[in-house]
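> Just dropping this structure here.
The values are calculated or read from the model by the stated rules, or taken from the named source; none is laboratory data. These numbers were taken from a predicted model, which means no experiment stands behind them. Here the Cβ positions follow ideal geometry from the backbone for every residue, glycine too, while neighbour counts run over all protein chains shown.
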């Protein structure tokens, strides 16, 4: 059984806290393999290795707070005899639980690698803000501290 250290996601991944918790569970599917990257503040990327799949066999959908990636391999018309079969070309459905305000901004498929870009867009009304105490703005607090130190 593999164990993954997802501590870096908890420290730096704004919006993926619940996702990291879900991935940490034992029932997390291991096929297809994927990476989750922090590209910049509030920008993420999921990269999946999908050897043997074609664009037409892939589907990316979003439902509320879930990203669903589905691969349905078309049946090969010719009968093949494999001496060794190491490339798993089976159907899959991978679900990612998205945090609030995380949106898919784009996807690309190149050389068997599916890349999905995500961004977290928090509305202005929900962003944290500084509240002045007794009408003193933060700039005045700095000025008051400097006056006190000079005295």
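> Which count do you get for residues in region 110-131 that are out of contact with any strand residue (DSSP E or B) (no Cβ under 7 Å at 6 or more places or on another chain) and under 19 Å from residue 48 (Cβ atoms)?
Going through region 110-131 one residue at a time, the tally reaches 2.
> May I pose another question? Need the failing condition index for residue 89 against (1) out of contact with any helix residue (DSSP H, G or I) (no Cβ under 8 Å at 6 or more places or on another chain); (2) within 20 Å of residue 33 (Cα to Cα); (3) touching a residue at least 40 places away in the same chain (Cβ under 8 Å), just the number.
Unmet condition: (3).
> Collect the residues in region 1-54 that are outside any strand (DSSP E or B), touching a helix residue (DSSP H, G or I) at 6+ places or on another chain (Cβ under 8 Å), at pLDDT 60 or above and over 28 Å from residue 89 (Cβ atoms), keeping them in residue-number order.
If the condition is that a residue be outside any strand (DSSP E or B), touching a helix residue (DSSP H, G or I) at 6+ places or on another chain (Cβ under 8 Å), at pLDDT 60 or above and over 28 Å from residue 89 (Cβ atoms), then 6 is the only one that fits.
> So residue 77 passes all but one of these: (1) out of contact with any helix residue (DSSP H, G or I) (no Cβ under 7 Å at 6 or more places or on another chain); (2) closer than 17 Å to residue 114 by Cβ. Which condition number does it fail?
(2)
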